[in-house]
1. Quick check: residue separation of Thr98 and Thr61 times 0.36 nm, minus the Cα distance between them. What number comes out in nm?
2. At 20 angstrom or more along the helix axis (alpha-carbon based) and mean Kyte-Doolittle of 0.0 or higher, what helices does the chain contain? Whole DSSP H runs only.
3. Run the dipole for the range 12-63 about the Cα centre, Lys and Arg Cβ at +1, Asp and Glu Cβ at -1, nothing else charged, and hand back the magnitude in debye, nearest 20.
4. Of Trp32, Met91, Phe73, whose Cα points farthest to the positive end of the dipole of the chain (charges on the beta-carbon: +1 Lys, Arg; -1 Asp, Glu; origin at the Cα centre)?
5. For the chain, give the magnitude of the charge dipole about the Cα centre (Cβ charges: +1 Lys/Arg, -1 Asp/Glu; no others), in debye to the nearest 20.
6. Cα convex hull of the chain: mean projected area in nm², to one decimal?
Amino acid sequence: MTAPQEMSVGEDDRVRLAPGVMLRQDRVRNHWQLLGPERVLILDEVALEVVRATTGQPPVTVAEAIDALAAQFDAPRTEIAADVREVLADMIAKGFLTR
């Protein structure tokens, strides 16, 4: 899946949760989700790690988050970078994250 140019995410970008969106664990259904006004996005393990790495405190660049995830999972940075940028572009397009 290729993101439209306006939704592409650069490594110098900093992303954050969009206004009104929060990360929440649904303990009853045993999953993490992003909750926004009248919408919800259930996160798989990869998406959860990307959201945590990119929207935490203190704010980090996408490149810093990619480096941290590559080290955490002992995976090639190029593969991690492609996955992270795709996940972020999709969440920005859906309105859950913003730059």
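1. 12.0 nm
2. Membrane-span-like by this criterion, though nothing is claimed about a membrane: 77-93.
3. Dipole size: approximately 220 debye.
4. It is Trp32.
5. 500 debye
6. 6.6 nm²
The numbers here are math on the coordinates, done by the rules we state, and not lab data. This is a predicted model, so every value here is computed, not measured. Cβ sites come from the backbone with ideal geometry, for glycine too, and all protein chains shown count toward neighbours.
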